[in-house]
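The values are calculated or read from the model by the stated rules, or taken from the named source; none is laboratory data. All values derive from a computational prediction rather than experimental measurement. Note that we place each Cβ from the backbone using ideal geometry, even for glycine, and neighbour counts take in every protein chain shown. Calculation scope for accessible area: heavy atoms of the full protein, side chains included, ligands and nucleic acids excluded. Shrake-Rupley method; radii C 1.70, N 1.55, O 1.52, S 1.80 Å.
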Amino acid sequence: MERLDKRLAATGRWSRKEARELIRAGRVMVDGAPCRVPEAKVDEQAPVSVDGAAIPAHGMVYLMLHKPAGVVSSTVEPGERTVLDLLGEEYQNIGLFPAGRLDKDTEGLLLLTNDGPLAHRLLAPKSHVDKVYYVEVDGVLGQDDVMAAQEGIALGDGTMCLPADMELLSRNSAYITLREGKYHQVKRMMASRGKPVAYLKRVRFGPLTLDERLPKGGWRPLTREELEAVVRQ
Ligand code: URA
C-alpha cells in the first residue's frame, strides 16, 4: 500500500503539492470511485485515474536514450551490446524494453519503458505516430524524391508505403517523417529511389524530440511535460 499523492507524484507528471490539489479537487479516481484524501493508502496495483485517464502503475520508468551506432535495440542478444547495457545497474531488472526498434547502425531517439500498454499503444499500426529521421544518402536528392515520398514509395518487394514527408536539407540529406514502421523502412525507401542510406538518425518519436544535450549513449528520464505528451498520444 502507498499514499495516493505519492503514487501520483511517482509518475513524474505532478509534484506532491499538485497531486494533493488534484485529489482534493475530486479529479482522481481509485478503483473506479473518486478519492479526495491525499493520504489515503492505495494498493499498488489498484487502478488510478486522473480526469478519466489511467495513470501508470507504480514503478513505471520512461527513459529517453540517444542510441549510438553499434548497439542493438533488443534487450538480450548474445554477442551483441544492447541498449540495456548502456544503462545503470538499477535499470537492469525492471522490465525495461525499447518502444520500437532502430537498426544496429542507426542512431538517435529511443524510448525505453516498462509500461507495456503505453508502448503497445504507441507502436500500434493504427496509432500512426510520427517518426522523424535525419537521413544522408549516397546520391543526389531532389523534388522527385519529395513527390515520390508524398505519394507513397513502393519498396523493392512491391510493398507500398504510406505517404511520407520529406524536407530537403542539402543535396544528399533530408528529414523524412514516417507514420508507420516497416522493417528497415527508410533504408528500403531510399534504396528503391536508387539512393542508398549512408547515415540515419531518428530525431523525433511522436511528441518526443531527441535532446541534443544527450551525448551518444546518454539517457535521461522523460520530463513531466514529455511524459504527459506521450501518455496523451
Ligand atoms: N528505418 C530504417 O531503415 N532503419 C531504422 O533503424 C529505422 C527506420
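Carbon-plus-sulfur fraction of the accessible area of region 108-183, 1.4 Å probe, in percent? Working shown, then result.
Numbers: 2030 of 3730 Å².
Answer for region 108-183: carbon and sulfur cover 54 percent of the accessible area.
Would you check the chain for Lys pairs whose C-alpha atoms are within less than 18 Å, ignoring same-chain pairs closer than 8 in sequence, and give me the count?
Pairs that pass both the separation and distance tests number 21.
Classify region 185-233: rounded, prolate or oblate, from the alpha-carbon gyration tensor (a ≥ b ≥ c, eigenvalue square roots; a/c under 1.5 rounded; otherwise prolate if a/b is larger than b/c)? Before the final figure, lay out the partial values.
Numbers: a/c = 4.82, a/b = 1.91, b/c = 2.52.
Verdict is oblate for region 185-233.
In the Gaussian network model of the chain, springs joining C-alpha atoms below 10 Å, which of Asp115, Asp157, Asp105 carries the largest mean-square fluctuation?
Highest fluctuation among the options: Asp157.
Per residue, how large is the accessible surface of region 82-233? Use a 1.4 angstrom probe and give square angstrom.
50 Å²
So what are the radius of gyration and Dmax for the Cα set of region 103-164, in Å?
Cα radius of gyration and Dmax of region 103-164 are 14.9, 42 Å respectively.
Work through the residues other than Ser127 whose Cβ is under 13 Å from its Cβ and net out their charges, Lys, Arg +1 and Asp, Glu -1.
Every neighbour counted, the sum reads +3.
Return a whole-number percent for the relative contact order of the chain, with Cα pairs under 8 Å and 6 or more residues apart as the contact set.
20 percent
What number in nm² do you get for the chain if you take the convex hull of its Cα atoms and divide its surface by four?
14.4 nm²
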